[in-house]
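**Q** This structure is in structure tokens; I'll ask about it shortly.
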Amino acid sequence: MMGATNKQRKVFYRMSTFLFFAYGLAINNVLAQDIHFSQFYTSPMLLNPGATGTFDGSARAGINYRNQWTTLGSNYQTYTATYEMTLMKKKSGGNFMGVGINMFSDKAGTGALTRTCFNLSGAYHLQVNDENNIALGLQGGYGQRAIDQAQLTWDSQYDGSQYNAALPSNETFSDKVSYIDVSAGFLWSYTISNTADVNAGIGAFHLSQPSQTLIASSDDILPMKIAAHGQGRFTKRNSDLAYYPNFMISLQGPNKEINGGLLMRYMLKESSKYTGFVKGNAVYFGANYRLGDAAIILLGLEISDFNLGLSYDLNISNFNKATAGVGGFEISMIYIKSD
């Protein structure tokens, strides 16, 4: 602030501190919730522990990245990585186990406030009959919430003429807090025919509602989350086009999210029915709507065992005055190893 008076500098630093905490309160409300993705169906373990191992193959690896609110200058980023595999799939008459590991990290703005979690997940899948399959899953993990005080500025660090990082902040709070987390889920799958199937489930997260407060005098718990979801696959015989309707309803404390829409898959090249050596290729396109928040454009490409998904949120809530309608960009990459 060259050319500014001491009084102007002091006002500037006071306003900077106020704006940071105003932003921090908004972000704290977000970080008190779970992460969320527009492509929620690409991270099944994070949607429902009972969905662990629910894929057509022997192993599945995936990563997701989301970047939102870029127009605010302090964007919000989320990263996930997952790996899961199936056990006893060919030896137990249709029953099998799914086991996996997942991690995610989200950060606000320049990274002053972050959260990182690691989870182990397992589910047992029971084939009730030729049409019905049910699964029960458990997930346990370790989480950490942290704040980088070096990126914060305080009024007490104003030395009368300028900001001085060497001065103490005179604020007392922890740099990080750790907690143990436990979740569970149930999944039901129904095969209608060779060309149609549906599934639906419910996940219950943070059953112990662990504390994640950085300030000893406050009681900031991670509220329990209930997530209900469903997806279908419908196509016609000898048709290259398939339809995938989907929905997700999430309730966590005072917050709720309702997301639903339709994804269509067009087959470019069919995989070999005899040898399995020739893999199929397909493209995806569709749209979802997050109630009261965003319209979502979805695109995807499937090449052999790899799947790439792209989505973009168009913000249509009252918040669009601040974001200029810019919501979030998201990318997912998945690899599934065939049986």
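**Q** Right, V11: closer than 25 Å to I226 by Cα, at pLDDT below 50, among the aliphatic types (A, V, I, L, M) and outside any loop (DSSP other than H, G, I, E, B) or not?
**A** no
**Q** May I ask you to verify whether N67 is modelled with pLDDT under 95, among the polar types (S, T, N, Q), assigned to a helix (DSSP H, G or I) and surrounded by fewer than 21 Cβ atoms within 10 Å (Cβ to Cβ)?
**A** Judged against the criteria, N67 is not a match.
**Q** Another question about this same structure. In the set D339, D313, which member is part of a loop (DSSP other than H, G, I, E, B), among the charged types (D, E, K, R) and modelled with pLDDT under 95?
**A** D339
**Q** Right, next: Could you please find all residues in the range 71-80 being surrounded by fewer than 21 Cβ atoms within 10 Å (Cβ to Cβ) and either at pLDDT 90 or above or more than 18 Å from the chain's Cα centre (by Cα) (or both)?
**A** T71, L72, G73, S74, T78, Y79
**Q** When the residues of the range 180-230 are filtered to those that are aromatic (F, W, Y) and buried (at least 18 other Cβ atoms within 10 Å of the Cβ), which remaining residue is nearest to N246 (Cα to Cα)?
**A** Applying the filter and picking the extreme gives F186.
**Q** Something else now. So for the range 53-64 (the condition being surrounded by fewer than 16 Cβ atoms within 10 Å (Cβ to Cβ) and over 26 Å from D305 (Cβ atoms)), does at least one residue qualify?
**A** no
**Q** Any chance you could count how many residues in the range 117-139 are buried (at least 17 other Cβ atoms within 10 Å of the Cβ) and over 16 Å from G53 (Cα atoms)?
**A** Of the residues in that region, 1 qualify.
**Q** In addition: Which members of the range 87-120 meet the condition of being small (G, A, S) and either over 19 Å from R66 (Cβ atoms) or at pLDDT below 90 (or both)?
**A** Taking the range 87-120 as the starting set, the residues that turn out to be small (G, A, S) are 92-94, 98, 100, 105, 108-109, 111-112.
S92, G93, G94, G98, G100, A108, G109, G111, A112 - these are the residues of the range 87-120 that are small (G, A, S) and either over 19 Å from R66 (Cβ atoms) or at pLDDT below 90 (or both).
**Q** With the condition kept exactly as written, say whether any residue in the range 321-334 is modelled with pLDDT of 85 or more, of a type in the set (G, A, S) and touching a strand residue (DSSP E or B) at 6+ places or on another chain (Cβ under 7 Å).
**A** Among the residues of the range 321-334, at least one is modelled with pLDDT of 85 or more, of a type in the set (G, A, S) and touching a strand residue (DSSP E or B) at 6+ places or on another chain (Cβ under 7 Å), which makes the answer yes.
Here is a yes/no grid of residues against (1) farther than 26 Å from S338 by Cβ; (2) modelled with pLDDT of 90 or more; (3) in a strand (DSSP E or B); (4) under 23 Å from the mean Cα position of the chain (by Cα):
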site	(1), (2), (3), (4)
I249	yes, yes, yes, yes
G260	yes, yes, yes, yes
M267	no, yes, yes, no
L308	no, yes, yes, yes
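The values are calculated or read from the model by the stated rules, or taken from the named source; none is laboratory data. Fair warning: this is a prediction, and the values are worked out from it, not measured in the lab. Here the Cβ is made from the backbone with ideal geometry for all residues, glycine too, and neighbour counts use every protein chain on show.
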